[in-house]
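Right, one structure below, let's go through it.
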Amino acid sequence: MVIVYMCYGSAHSSVVAASIHVGLLPTDRVPTYEEIISLPHYDKTSNNEIGTLFYMGKDEFGNEVYIVGARNGRKIVTKAIYSFLSLYGISKKDILVVDALPTIGLTTKIGGITSRRLGIIFLGRPITVYGILKKYNNFVKLVTDVKTKFQIRS
């Protein structure tokens, strides 16, 4: 199975969710600031990379896990992923696209705008991490739910 965590810019919520999924972040505690900012792709995706799938690793079941940023076109990007992969004989039941954006709050959104859109990284990045840490249990729940659904489907 291919699992794709999707968010606005593939810089924050999708990175954190996918990192939990593949074991780069813990499920039994809130990670440290350093653990978050050291993640691959965290707060680093540029505008021209929106819509690009980034490989994050394999989970314990051997599923490949990716992230993608879709801006405000998450429904369209989801449809495009499913339709493109179906051209290669990959069934919709073998792909799971997960919207990670609802896991974050206003703090992370403000930090993301400050860092990614306005380019004030030294200010925005710490704000995003603070917001992620405040809502970390949302991410753990999302990933746990995804893994539970996967086990039911396999």
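Things worth noting here:
- If you wrap the tightest convex hull around every Cα atom of region 9-97 and split its volume per residue, you get 105 Å³.
- Packing, as the average of other Cβ atoms within 10 Å across residues, places the peptides 49-56, 130-137 in the order 130-137, 49-56, highest first.
- Positive contributions from Lys and Arg (+1) and negative ones from Asp and Glu (-1), summed over other residues with Cβ under 14 Å from the Cβ of R71, come out at +3.
- Cα shape, region 83-154, gyration tensor, a/c 1.5 rule: oblate
- The chain: most fluctuating residue of A70, A18, A80 per GNM, C-alpha cutoff 10 Å: A80
- The C-alpha radius of gyration of region 19-59, expressed as a fraction of 2.2 N^0.38 Å, stands at 1.30.
- The stretch between I90 and I120, if pulled fully straight at 0.36 nm per residue, gains 6.7 nm over its current Cα-Cα span.
- Only Lys, Arg (+1) and Asp, Glu (-1) charged, at Cβ; the chain dipole about Cα centre in debye: 540
- Rounded to the nearest 10 degrees, the inclination of helix 121-134 to the longest alpha-carbon principal axis of the chain is 60 degrees.
- Spin-label zone in region 88-123 - amide nitrogen under 14 Å from a point set 7 Å from the Cα of V2 along the C-beta vector: 88-98
- Every helix of 4 or more DSSP H residues in the chain counts as -39500 (n - 2.57), and over all residues that averages to -13000 deg cm²/dmol at 222 nm.
- Using a Förster distance of 22 Å, the FRET efficiency for V30-T144 (Cβ separation, nearest 0.05): 0.90
- Fluctuation leader among T128, T32, T108 - the chain, Gaussian network, Cα springs under 10 angstrom: T32
- Using the average count of surrounding beta-carbon atoms within 10 Å as a protection proxy, the listed peptides 6-14, 23-31, 36-44 rank, highest first, as 6-14, 36-44, 23-31.
- Across the chain the C-alpha pair distances fall into 10 Å bins from zero in the proportions 12, 43, 34, 10, 1 percent.
- Sequence-separation-based contact order of the chain, relative, with Cα cut under 8 Å and 6+ spacing, percent: 31
Only the coordinates and a few stated rules stand behind these numbers; no lab work does. Remember, predicted model here, so these are calculated numbers, not experimental data. Ideal geometry is used to build each Cβ from the backbone, glycine not excepted, and the neighbour counts take in all protein chains shown.
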